[in-house]
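The values are calculated or read from the model by the stated rules, or taken from the named source; none is laboratory data. Just so we're clear, the structure is a prediction, and the values are computed from it rather than from any experiment. Positions of Cβ are generated from backbone atoms using ideal geometry, with glycine treated the same way; all protein chains shown enter the neighbour counts. SASA here: full protein model, heavy atoms, side chains in, ligands and nucleic acids out. Shrake-Rupley method; radii C 1.70, N 1.55, O 1.52, S 1.80 Å.
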Amino acid sequence: AWYVPCLASLETLQELCRKENLRCKSIGITNRSLKSYEVEYLCDYKVEEGTEYYLVKWKGWPESSNTWEPQKNLKCPLLLQNFLSDKNEYLSRVKEGKALKVRNHVKALKPAVADYIVRKAKQRIALQRWKEELNRKKNHRGMILVENTVDLEGPPLDFYYINEYKPAPGINVINGITTGCECSDCPAEKCCPKEAGFILAYNKKKKLKIQPGLPIYECNSFCRCGPDCPNRIVQKGTQYSLCIFRTNNGRGWGVKTLQKIKTNSFVMEYVGEVITSEEAERRGQLYDNQGNTYLFDLDYDSDEFTVDAARYGNVSHFVNHSCDPNLQVFNVFIDNLDLRLPRIALFSTRTIKAGEELTFDYQMKGSIDLTSDSADGLSPSRKRIRTVCKCGAVCCRGYLN
């Protein structure tokens, strides 16, 4: 037997079972729990004959089962707090005074207010589920949080979290390396970077010490050194807790750090689908029309391949551009020494405070900063439509490309 993951949430499946009066032990619908009730969110509010009532959406029950309940019966202080907060937020945005209207001696919320509260509650649940999904799929230590206090946008519908490159058919991102360093205490004279003709990228504090443009060669799975080797940094993944948040200036989602990040620290990898430059050209035309920028040329040695993080990626998918960024791009080689296929690592260029947004320059190519005046250095997918930059930096170039 084989199985495929169900796209419906547990609550949705429970709603279907209860609607059809079915039992399903695997999702928690038994004879005992078939009639169990738990408040999922509050939909509406009214005052009738001096008693306050809330319209309740019951968890695992269809909306047709919603009921009006007196406030004294509700044991959900957080949901009550969310309800009042959402109501006040809506009223402050539309600059309305009273939220209640009187009809047939019953005070009730205006339909527009109740509709906003329900949409906000559904968004909150969707973002919570997305956060849980992201943290299930990640393979690094740092946690991922999700936050939207700006609008009603929910999780992206066509984005799939991955932890490493997803190669297109015919592309091999692992070149079958079968040798590693013999060091018992890296770095030694014959450690991986020196074998490749470069210096060790990190100092004793595991911070970057090389200049932009130089490659990073880390110890690989065939090296004698263990996991505590000072030359194993990028391969351990993100160590910081990060938050995907909705920006308030029209830049969509962004990423901020929840912890202080010191200068020259590894922050995250940029991952996605590895495709050919020809395929990148075709997709680039579509992305330009949508105003999106997710293509990253792997041009350390040649222009054969591109990383596309539009549908498949990690937290870096949501990192915004800045003409004055706090992250710098470096090419990294670990288990694949093919110069056409480096891993892309983002390191901090300065100390980044907790709560500060993370950004990198979309035109960064190692030590070369391709400004809008150097279009000859850009791939064809970057030349077609110029996207206005909204980074707000003093040195803003005006365009993303």
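Residues that are in a loop (DSSP other than H, G, I, E, B) and either open to solvent by 10 Å² or more (accessible area, probe 1.4 Å) or at pLDDT below 95 (or both) within the range 208-218 comprise Lys209, Ile210, Gln211, Pro212, Gly213, Leu214, listed in sequence order. Exactly one residue out of Val315, Val329 is among the β-branched types (Val, Ile, Thr), in the same structural domain as Gly254 (by the TED database), open to solvent by less than 10 Å² (accessible area, probe 1.4 Å) and touching a Pro at 6+ places or on another chain (Cβ under 9 Å), and it is Val329.
Which residue is surrounded by the most Cβ atoms within 10 Å (Cβ to Cβ), if the candidates are limited to the range 158-171 and must be in contact (Cβ under 8 Å) with a residue 24 or more places away in the chain and part of a loop (DSSP other than H, G, I, E, B)? It comes out as Tyr165. Here Ile177 fulfils each of the conditions (1) surrounded by 12 or more Cβ atoms within 10 Å (Cβ to Cβ); (2) more than 14 Å from Arg343 (Cβ to Cβ); (3) in contact (Cβ under 8 Å) with a residue 40 or more places away in the chain apart from (2). Within the range 84-117, the set of residues being of a type in the set (Val, Ile, Thr) and buried (at least 18 other Cβ atoms within 10 Å of the Cβ) comprises Val113, Ile117.
Every residue, every condition in (1) part of a loop (DSSP other than H, G, I, E, B); (2) farther than 23 Å from Tyr294 by Cβ, yes or no:
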{"site": "Glu189", "(1), (2)": "yes, yes"}
{"site": "Pro193", "(1), (2)": "no, yes"}
{"site": "Lys206", "(1), (2)": "yes, yes"}
{"site": "Phe222", "(1), (2)": "yes, yes"}
{"site": "Arg232", "(1), (2)": "yes, yes"}
{"site": "Tyr240", "(1), (2)": "yes, no"}
{"site": "Val255", "(1), (2)": "no, no"}
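Note on the range 128-157: residues that are among the aliphatic types (A, V, I, L, M), open to solvent by 80 Å² or more (accessible area, probe 1.4 Å) and either assigned to a strand (DSSP E or B) or modelled with pLDDT of 95 or more (or both) total 1.
I'd like to know if the range 50-62 contains one or more residues that are open to solvent by 30 Å² or more (accessible area, probe 1.4 Å) and either small (Gly, Ala, Ser) or outside the structural domain of Arg129 (by the TED database) (or both). The answer is yes, given that some residue of the range 50-62 is open to solvent by 30 Å² or more (accessible area, probe 1.4 Å) and either small (Gly, Ala, Ser) or outside the structural domain of Arg129 (by the TED database) (or both). Of the residues Ser372, Ser348, Ser381, the single one that is at pLDDT below 80, under 26 Å from the mean Cα position of the chain (by Cα) and of a type outside the set (A, V, I, L, M, F, W, C) is Ser381. Hey, can you tell me all the residues within the range 297-312 that are surrounded by fewer than 21 Cβ atoms within 10 Å (Cβ to Cβ) and of a type in the set (A, V, I, L, M, F, W, C)? Scanning the range 297-312 gives a single hit, Ala310. Quick check on the range 256-294: of everything there that is open to solvent by 20 Å² or more (accessible area, probe 1.4 Å) and hydrophobic (A, V, I, L, M, F, W, C), which residue is modelled with the highest pLDDT? Only one residue tops the list, namely Leu258.
When the range 19-51 is examined, which residues are found to be at negative phi, without any contact (Cβ under 8 Å) to a residue 24 or more places away in the chain, part of a loop (DSSP other than H, G, I, E, B) and of a type outside the set (S, T, N, Q)? Within the range 19-51, Glu20, Leu22, Arg23, Arg32, Leu34, Lys35, Glu38 qualify.
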